[in-house]
Amino acid sequence: MKRSYNLFPVVLAGVLAGTSFWLDHFIRDQGARPDGGRRHDPDMIAEGAVQERFDSTGKRQYILKTSRFEHFPDDDSTRAEHPDLAHFGRNEPLYLTAQKSQIRHGGKEVLLVGDVRGRREAGADTPAATFATEELTVLPDEERAYTDLAVHMTRGNSVLDGVGMELDQVEGTAVIDQVRATLQPKNRQARKP
């Protein structure tokens, strides 16, 4: 019996040594690379930033103002807090706000999240329009935006509620799925209860 007790400390020391070797190897393998490729840390932070984008002719496409920008080099994404976007694709600009946004794929896709609101001022032949949803994906180069979530929209005195929406800045259209609407004629004021 005494021999089995003498082996226990040797086996325990071997297990501890093996575990220590494995843990050291695991930590070194998972450690930060010099280029920061395994970390999701910002390499740039800007407070109160403004970003403007122009097309190839020099025409302003949009202005993005935000309380805070953070750029992440590992996936080339940018996070913005309280984004305020003005898009100038048509005669009447489209204004968008949200709680936060994620800018991905070199600015080709912008995900607006949290209390997303949009508005377009009235034009010569079109009434003012507003909408609200919780999430909106914007494709600035294509001048389109979409969501699969609930949407509340007003256009003049008309009110539309639905689930899912596609906006097209080039055509000036909004397609809403599963819609329930109260439409008012152009020259008629909404009835007051």
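The values are calculated or read from the model by the stated rules, or taken from the named source; none is laboratory data. Quick caveat, the model's predicted, so the values are computed rather than measured. No Cβ is skipped: glycine too gets one built from the backbone with ideal geometry, and neighbour counts run over all protein chains shown.
Is at least one residue of the stretch 177-193 in a loop (DSSP other than H, G, I, E, B), in the same structural domain as residue 55 (by TED's automatic domain parsing) and under 24 Å from residue 44 (Cα atoms)? No, the stretch 177-193 contains no residue that is in a loop (DSSP other than H, G, I, E, B), in the same structural domain as residue 55 (by TED's automatic domain parsing) and under 24 Å from residue 44 (Cα atoms). For the stretch 117-144, filtered to residues that are without any contact (Cβ under 8 Å) to a residue 24 or more places away in the chain and assigned to a strand (DSSP E or B), the residue that is farthest from the chain's Cα centre (by Cα) is 132. If you go through the stretch 1-59 and keep only what is acidic (Asp, Glu), modelled with pLDDT of 60 or more and over 30 Å from residue 84 (Cβ atoms), you end up with 24, 29.
State all residues of the stretch 63-87 that are buried (at least 16 other Cβ atoms within 10 Å of the Cβ) and either assigned to a loop (DSSP other than H, G, I, E, B) or in contact (Cβ under 8 Å) with a residue 60 or more places away in the chain (or both); if no residue qualifies, say none. Within the stretch 63-87, 83, 87 meet the criteria.
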